[in-house]
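Okay, so here's the structure we're looking at.
Every number in this text was worked out from the coordinates using simple rules, so none of it is lab data. A quick note: this is a predicted structure, and the numbers were derived from the prediction, not measured. In this analysis, Cβ positions are derived from the backbone assuming ideal geometry, glycine residues included, and neighbour counts consider all displayed protein chains.
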Amino acid sequence: MRVTARGHPPAAGNLLTLAPRPPSMSDDCIFCSIVDGDIPARVVYEDADTIAFLDANPLARGHTLVIPKEHYEDFEAMPPEPGEMVMAALHYLTPKVEDAVDAEATTVAFNNGEAAGQEVPHVHGHIVPRFEGDGGRPMHALFDSRPDVSDDELDDIAERIGADA
């Protein structure tokens, strides 16, 4: 059986005419191409604002990516409303992913920017199923050492973060 880019069989006699890409999409973004249906993906969820699909290079069985359909390179570029929709989809899908692969837990995370390890410049959340002895590490193990930050510096940072909040 032929499978469409969305992972669903095509309707009999159905011809697809693609509209021009909206300005909120990027011509050279692999995730935008998945949203458009130009690149196949194993889509596990889709609504008007988000789409979720299995990672093609998974860290674990069931590793799922959740993205806004509109193109935003990072959190700073994304308005609050699409962010809320991505978080709602992550919340909905996390127990479904865990159940599908009988995972004991999940790591739900974002890499925001190239320095943080973001490989595709389109906001995306990861749902990574976790298992006892899987070799994965917790968030606090991402760094080999931690900075020595004084109470005064912590106070200063907190004040700068909260200044405009």
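Among 80-91, 59-70, how do they line up from the highest to the lowest mean number of other beta-carbon atoms within 10 Å?
On the way: 80-91: 15.5, 59-70: 21.7.
Descending packing order for the listed peptides: 59-70, 80-91.
Expressed as a whole number of Å, what is the distance separating the alpha-carbon centroids of the stretch 94-146 and the stretch 55-80?
12
Need one number: nm distance between label points at residue 157 and residue 46, each 7 Å from Cα along Cα→Cβ, rounded to one decimal.
Taking the two extended label points, one gets 4.2 nm.
With an 8 Å cut-off on Cα pairs and a minimum separation of 6 or more residues, tell me the relative contact order of the stretch 30-162 in percent.
On the way: 173 pairs, mean separation 29.4, N = 133.
Computed value for the stretch 30-162: 22 percent relative contact order.
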